[in-house]
Structures are given as C-alpha cells and as structure tokens.
1. Do we find that residue 91 is at pLDDT 95 or above and crowded, with 23+ Cβ neighbours inside 10 Å in this structure?
2. Taking the stated definitions as given, is residue 171 of a type in the set (Gly, Ala, Ser), under 28 Å from residue 129 (Cα atoms) and buried (at least 16 other Cβ atoms within 10 Å of the Cβ)?
3. Is region 335-348 home to any residue that is surrounded by fewer than 21 Cβ atoms within 10 Å (Cβ to Cβ), in a strand (DSSP E or B) and either without any contact (Cβ under 8 Å) to a residue 24 or more places away in the chain or not assigned by TED's automatic domain parsing to the domain that holds residue 64 (or both)?
4. Being among the hydroxyl-bearing types (Ser, Thr, Tyr) and closer than 22 Å to residue 146 by Cα is true for just one of 54, 48, 97, 60. Which residue is that?
5. Which condition number does residue 147 fail, the rest of (1) free of Cβ contacts under 8 Å to residues at least 40 places away in the same chain; (2) surrounded by fewer than 21 Cβ atoms within 10 Å (Cβ to Cβ); (3) of a type outside the set (Asp, Glu); (4) within 20 Å of residue 192 (Cβ to Cβ) being met?
6. For residue 316, all conditions in the list (1) of a type in the set (S, T, N, Q); (2) under 16 Å from the mean Cα position of the chain (by Cα); (3) in the same structural domain as residue 59 (by TED's automatic domain parsing); (4) surrounded by fewer than 19 Cβ atoms within 10 Å (Cβ to Cβ) hold save one; what is the number of the exception?
7. Check region 190-201 and report whether any residue there is under 21 Å from the mean Cα position of the chain (by Cα) and at positive phi.
8. Here are some conditions: (1) modelled with pLDDT of 95 or more; (2) in a loop (DSSP other than H, G, I, E, B). Residue 29 meets all but one. Which one does it not meet?
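The values are calculated or read from the model by the stated rules, or taken from the named source; none is laboratory data. The structure presented is a predicted model; accordingly, all values stated were derived computationally and were not measured. Heads up, the Cβs are rebuilt from the backbone with ideal geometry, glycines too, and the neighbour counts pull from every protein chain shown.
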Amino acid sequence: MQKIVLIFILSLMVISCTDETGPITSDPDDNYLSGRGVFVLNEGNFRSGNGSLSFFSYDSLKIYNHVFLDINKRPLGDIPYSMSMQGGEAYIVVNNSGKIEVVNSNDLKSIATISGIVSPRYISFINDRKAYVTSLYSDSVTILDLSANSISGYINIKRPSEAIVNINSNAYVAHWTGGNKIMVINTETNQVTDSIEVGMEPESMVIDKNEILWVLCNGGWKREYFAELIAIDTRTNTIDKRFTFPSKTDSPTCLQIDRKGEILYYINDGIRRMDINASELAPAIFIQKLNHTFYKMGINPDNDEIFITDVVDYLQKGNLLRYRNTGTFVSTMQVDIIPGGLCFKANPDTNTD
C-alpha cells in the first residue's frame, strides 16, 4: 500500500513540474486561439521565406507551432518581425516581405494583406481608424487606414525608423541604425513637430505610469559609443534622467516594462530589471542566461510573467522560455527558427493573477 501511495505522489510531482508540452500541430478548427496566450514570431532564415507563428496557450499550457500556415494554408513570409492587436484584429508585420498580414485575433483567419511597405518594423495604433508603421530603409513613416486596411499616406521624417510609441497626441519614433534622435509627430496633423537627441542607436522604448518615455540606446553595433538608458518627460519633451552603461562592451536590448508601469526590464548579459525611481542602472543580473542565447523578451500585461526567446545558434529551432515575475524558471518550449518578437493576447473576462 505504501508503495502505491509513493508512486502516486511521484506521479503528481512529475505532472506539476511539466506545465507545457510541445511542439504541437493542431487542427485549424480548434478554438485554442480564442483564449489567453502569447504569440511568438519566428523570423526564420533571411530571404528563405520560412518565417512562422507560434502560440502558447494559457488555457491548455501547450505550444502550437506554424499556426498561420495551418489556418491560412500559405506561408507567413520572410522575417515576421512584430505583431500588435487592435479591435479584434491582429496585425503581423513581415519585414523582408514588405507587408502586414491582418488576421482575426481569435482564429487567425486572414482578413487582408497590406503590401508595398518598405521594410516595415513596428506598428502603432493612433486610434481605431489610423496607425503608423516604421521602416528600416525608408525615410518615411507609413500611415495606415485601418477601416480599409490600406496605405493612406506617408510622413517624411528624413531618416529610417524603428521603435514607436504614442501618448496623448504625440508619436515618438526612434531613428535606430546610425541615428541618435527621437522624432516627435503630432498625430492629429501627421506633422513632425520636434526631435530629441538621445544616445547612439535608440533601439527600444516604453512609457511608464508617470508618462515618462524610457529610451534604450545600444551604443551602435560597432560599439564606438557607450550604451545609455534615457528618460524623457513627454509633457516637455526634455530629458529627465540619463544613465550610461559602464563599458562599451555592454549591449543592452529589448526594453520592457511591467503592467503597472513601475519596473523596467532589458537584456544585457542576462535579464536586468530596475525600478523607474532607481538612481542607478541594475547592478545585478535578475535572470541568468546560462546556456541560452537570449534574443527578445516580453512581459505579460496580465500577470507580469516574463517570456524570453532563445535563438540557440540562429540555425536550428529555438525555444520560448517562461519565468514567473520573481525570476523563477517555469518551462521551456520548442518553437521554430529564430524566435523573436512576442505579442500577448489577453482575455478581459479572465482573472490571470
């Protein structure tokens, strides 16, 4: 009898430590996409057209790979780079294919394809009718008409663009490759109204609870400059704080913020985190990279869980790593080649704490 009880307890321990399974290919008619989860944009090999989309479901605790292909019966394209949701639709920005795939956010079925965008990187929704799209190689930000899912115009900012965030009536656009400025666009007039000089190559941005814009500047790929983390007051468009990384070998990327807008996270030889009121950069590593190759990171806006993509060697299939907001490791799930950007799908009717 004691042996039976012991075996039962060991079985429960194994089950409780193995939350997720994968990879899984599901029947396209399944409703696993209708619940909470996180999409993973697998970039694939450059010019190979083998980019794909994975989905981790909080409801089933499973990973589903190649979901766009399974549902729409065609490949996603070359370098899917970012993804955002607006009004029941998801916009998948496919960089090297020069397009945005518009799909239903609950079943991923295709609604429209917006083509003809030069090297798109990120999309920012200004309102329910208009969005801006940044470009790696064009000097203009593309304006989208969301009601028609088409291009309605351009804003010439005279430089390529990368990260973009908007608050109140301003959009802040980072000039990343070889640049050191944040361009300010009035979203009512679609006109450039200001520029803010920051560090070399502003790579990612977030806005905190006090409407402060945080800009992570990686110092340039040749490491000629020190990386910097800069805080900008969006009420005055002036620099409020400036933190300089101690070594030119520091290469911070992928700035993120928690759901309350109080804690910053970024990748720099592991995951670092710091309070927005801190007087210095994060001195210690919060999550060790160990044998992983961290690429992108996302903070779940429902429960602050941390998801990190591990590209391994940029050739074989990578992994999605899941951590509690305490830094405790939960699980690893295999996805596809070069897993990159993350997009969270929340269920407003469900309490995820």
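1. So residue 91 fits the description; yes.
2. Criteria met by residue 171.
3. For region 335-348, residues surrounded by fewer than 21 Cβ atoms within 10 Å (Cβ to Cβ), in a strand (DSSP E or B) and either without any contact (Cβ under 8 Å) to a residue 24 or more places away in the chain or not assigned by TED's automatic domain parsing to the domain that holds residue 64 (or both): absent.
4. Just one listed residue meets the conditions, 97.
5. (4)
6. Single failed check for residue 316: (2).
7. Yes, there is a match, as at least one residue in region 190-201 is under 21 Å from the mean Cα position of the chain (by Cα) and at positive phi.
8. In the conditions (1) modelled with pLDDT of 95 or more; (2) in a loop (DSSP other than H, G, I, E, B), residue 29 misses (1) alone.
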